[in-house]
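Rule-based calculations on the coordinates, nothing more; no lab input. Every value quoted in this text rests on a predicted model; they were computed, and no experiment measured them. Don't worry about glycine lacking a Cβ; one is built from the backbone with ideal geometry, like all the others, and counts go over all protein chains shown.
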Amino acid sequence: MKIAQIAGFLGSGKTTLLITIAKDLVQRGHRIAIIVNDVGEINVDAKFIESYGLKAKEISGGCICCQIAGSFANTLAILHDTFKPDIVIVEPSGVAIPWGLKRAAEYSEAETDVVIEHAPVVTLVDATRIDMLIDAVRRLVETQIREADVCLINKVDVATQEQIEKSRKLIQNINPRAEILLASNRTGQGIKEVADIIEKRISPRYDEAVEKELLRQQYGIGQGKS
Ligand SMILES: Nc1nc2c(ncn2[C@@H]2O[C@H](COP(=O)(O)OP(=O)(O)OP(=O)(O)O)[C@@H](O)[C@H]2O)c(=O)[nH]1
Ligand SMILES: [Mg+2]
């Protein structure tokens with residue numbers, strides 16, 4: 001079962017993107033589950049299916065949307081044993097750390113016979129609010145970008161060229177290995193590419209040594225600095 005997480009600061013467009021990608025992947029023949037913080041915010045005409053012990057909405061025959069019941073690992077185990085998705089797309093809370101979520105997902109392997117793999121970590125950067133992101137929530141945004149495999153500069157339908165270039169520079173400074181795509185949920189730019197990446201590629205499993213090295217690079221932890 002593949003876990004695809006879509007990170008990004010509050011209001012960056014995660015839920016909108018998640019639903020579009022889920023529908024696209026269903027059309028490609030996948031069985032998809034979406035995990036969000038609150039199914040109430042999912043605006044689809046769907047019947048509730050709570051028989052799994054999850055608060056869930058059916059989006060289409062091949063796709064359900066649910067919120068976490070108990071632990072994240074337990075929720076994944078229930079999904080695997082009942083709905084049997086091949087891809088689970090997750091909208092982490094705005095402050096979740098991608099590596100932490102990978103590890104939490106892998107804990108579900110202790111609860112049932114599931115084998116977890118990860119799609120590339122996608123982080124959304126809202127180009128229209130790039131100045132605010134740099135000034136007010138720099139640390140959090142840095143962490144989300146640092147741990148991304150793919151960064152989407154989102155809302156390019158309304159962002160200025162200058163905001164887009166500023167976003168690109170920020171990402172390249174923090175994480176030169178990240179692939180950068182321009183995206184818009186309004187025009188659909190970049191969206192099919194993200195669905196392709198989630199469908200076809202994988203990202204490494206949680207590795208404590210790698211996590212420590214990334215933290216060291218960002219904060220100097222482990223170098224004797226205070
Ligand atoms: N112009 C434009 N607006 C967008 C785009 N994507 C999302 N939005 C709008 O941005 C707002 C937030 O979108 P959401 O998808 O709810 O963002 P989110 O990251 O899930 O937000 P939280 O869950 O509150 O953190 C909504 O009003 C969307 O309509 C985009 O590509 N272009
Ligand atoms: Mg959301």
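A few notes on this one:
- The calculated FRET efficiency for the pair Glu41 and Glu111, based on their C-beta separation and a Förster distance of 22 Å, comes to about 0.20.
- Extreme residue, positive dipole direction of the stretch 2-219, given options Leu18, Val115, Gly53 (C-beta unit charges): Leu18
- Residues whose placed amide H lies under 5 Å from that of Gln5, excluding near-sequence neighbours: Val90, Ala119, Val122
- Straight-line cross-link reach from Lys57 at under 16 Å between alpha-carbon atoms covers these aspartates and glutamates, not counting any fewer than eight positions away in the same chain: Asp38, Glu41, Asp45, Glu91.
- Stretching the chain fully between Glu193 and Thr16 yields a gain of 62.2 nm (0.36 nm per residue, less the alpha carbon separation).
- Within the stretch 115-189, the trypsin sites (Lys or Arg not before Pro) that combine a DSSP coil assignment with at most 16 other C-beta atoms in a 10 angstrom radius are Arg177, Arg186.
- Computed about its Cα centre, the charge dipole of the chain is approximately 400 debye, with only Lys, Arg, Asp and Glu carrying charge at their Cβ.
- For Lys200, the aspartates and glutamates whose Cα comes closer than 13 Å to its Cα, not counting residues fewer than 8 places off in the same chain, are Asp86, Glu117.
- For the chain, share of DSSP beta bridges that run antiparallel, in % to the nearest 5: 20
- Compactness index (Cα Rg / 2.2 N^0.38 Å), the chain: 1.00
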